[in-house]
Amino acid sequence: GFAGDAAARYSSTLGVAAVTYGAGAFNMVNAVAGAYAEKSPIVVISGAPGTTEGNAGLLLDHQGRTLHTQFQVFKEITVAQARLDDPAKAPAEIARVLGAARALSRPVYLEIPRNMANAEVEPVGDDPAWPVDRDALAPAPDEVLAAMRSATSPVLMVCVEVRRYGLEAKVADVAHGLGVRSVTTFMGRGLLADAPTPPLGTYIGVAGDAEITRLVEESDGLFLLGAILSDTNFAVSQRKIDLRKTIHAFDRAVTLGYHTYADIPLDGLVDALLERLPPSDRTTRGKEPHAYPTGLQADDGPIAPMDIARAVNDRVRAGQEPLLIAADMGDCLFTAMDMIDAGLMAPGYYAGMGFGVPAGIGAQCVSGGKRILTVVGDGAFQMTGWELGNCRRLGIDPIVILFNNA
């Protein structure tokens, strides 16, 4: 589950996990719940008892309360589900479910009764059309631009949906066209890093850079683009941000103050903004991008978490390519925030243990051979570290740094 989630995050496309009915699928629940919370489109494909096997009145292997319990559980943590028990309807059902995963960037669930696994079906067609309010695609971006232009201190804050829908390059153009300063949320750390004018840093409220905190919390034109309104992103605010006074584009809706435009996908909004943006007359000069700690001292002192960040950063400063980082929870995640990277993936909002090692494996499997740096605590490593034994068979070689209680 974690590996499929990471594959989806890395590629900005669908990840896949195939599991056995019951004993396998229920082990997936935590990973899929985390993917739902953090908008990662993993496709769960599960086996199931045959279409007539429940008729004998016997309890079947791996059955929970009823034969349908597993389906009901996954309805709570996926946005679309289908039991593929009819070959005539299967292509349309598959298209419907996969279309929902792509449109909503969240997990989906397909269940295949074991006597249907080899059934012949027609080709799966295109995704069904999702509703888009064309009438709102004119006034919504116009209102967004008007609000940003009238603000004396506008700020663009980017978060995970920008990565999930593959919009980083376009959003970088929006930031440049608006001529505003940009930051990332905690969950969006690493976004737009390669933009001509990268973000000033990551907003972490009282735990972060005081100047970035002031900039965000005093802004009269805060544009939250693709942002999850979670405690990890905003509960750390030094002074409470009045979200009713922000512009928020998320989950196919755009909210400005007290009203919302529904059925507006993020890519549609971004494209509409780019069509309307003239050359910028604002300046984006300001605070220099985040200064990463460097200069590891080879002394007899104990190794602390920030020493690991310095060691990684020293290698990059010496000419090594930055690596994508897959982080678990705890010290390792907060240390990763101070590492120079080519992207960071972590369960920063859902905060479930066990993500790091399988995420590194899953990401490298779809990376085209690029190595992944995994940082993981000792508790999570005991849960998932043994999976590294499969890496040679898979032809991959992740790098793992193990943290042990500071």
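The condition of being in contact (Cβ under 8 Å) with a residue 24 or more places away in the chain, open to solvent by 30 Å² or more (accessible area, probe 1.4 Å) and not in a helix (DSSP H, G or I) holds for only one of Thr13, Thr66, Thr78, that being Thr13.
Screening Asn390 on (1) assigned to a strand (DSSP E or B); (2) farther than 13 Å from Gly354 by Cα shows it passes everything except condition (1).
Among the numbered conditions (1) in contact with a helix residue (DSSP H, G or I) (Cβ under 6 Å, 6 or more places away or on another chain); (2) not in a loop (DSSP other than H, G, I, E, B), the only one that Pro91 does not meet is (1). The residue that is nearest to Leu145 (Cα to Cα), counting only those in the stretch 188-235 that are among the hydrophobic types (A, V, I, L, M, F, W, C) and over 21 Å from the mean Cα position of the chain (by Cα), is Leu222. If you go through the stretch 114-137 and keep only what is surrounded by 12 or more Cβ atoms within 10 Å (Cβ to Cβ) and either under 20 Å from Gly221 (Cβ atoms) or not aromatic (Phe, Trp, Tyr) (or both), you end up with Arg114, Asn115, Met116, Ala119, Val121, Val124, Asp127, Pro128, Val132, Asp133, Ala136, Leu137. Residues in the stretch 206-229 that are buried (at least 22 other Cβ atoms within 10 Å of the Cβ) and touching a helix residue (DSSP H, G or I) at 6+ places or on another chain (Cβ under 7 Å): 6 in all. One residue stands out in the stretch 31-53 among those that are buried (at least 24 other Cβ atoms within 10 Å of the Cβ) and in contact with a Lys or Arg (Cβ under 8 Å, 6 or more places away or on another chain): the one that is farthest from Ser12 (Cα to Cα), namely Ala48.
Kindly evaluate Ala346 against the criterion of being under 23 Å from Ile212 (Cβ atoms), at pLDDT 90 or above and in contact with a helix residue (DSSP H, G or I) (Cβ under 9 Å, 6 or more places away or on another chain).
Values: under 23 Å from Ile212 (Cβ atoms): yes; at pLDDT 90 or above: yes; in contact with a helix residue (DSSP H, G or I) (Cβ under 9 Å, 6 or more places away or on another chain): yes.
Yes, satisfied.
The residues listed here are Asp86, Asp61; of these, the one that is farther than 16 Å from Gly4 by Cβ and either modelled with pLDDT under 95 or in contact with a Gly (Cβ under 7 Å, 6 or more places away or on another chain) (or both) is Asp61. The set of residues in the stretch 319-328 being in contact with a helix residue (DSSP H, G or I) (Cβ under 7 Å, 6 or more places away or on another chain) and in a loop (DSSP other than H, G, I, E, B) consists of Pro322, Asp328.
Being open to solvent by 20 Å² or more (accessible area, probe 1.4 Å) and under 30 Å from Ala195 (Cα atoms) holds for only one residue in Leu98, Leu156, Leu145, Leu104, and it is Leu104.
The values are calculated or read from the model by the stated rules, or taken from the named source; none is laboratory data. This structure is a prediction, so every number in the text was calculated from the model and none was measured. When we count neighbours, we look across all protein chains shown, and the Cβ atoms used for this are built from the backbone with ideal geometry, even at glycine. For accessibility, only protein heavy atoms count, side chains too; no ligands or nucleic acids. Shrake-Rupley method; radii C 1.70, N 1.55, O 1.52, S 1.80 Å.
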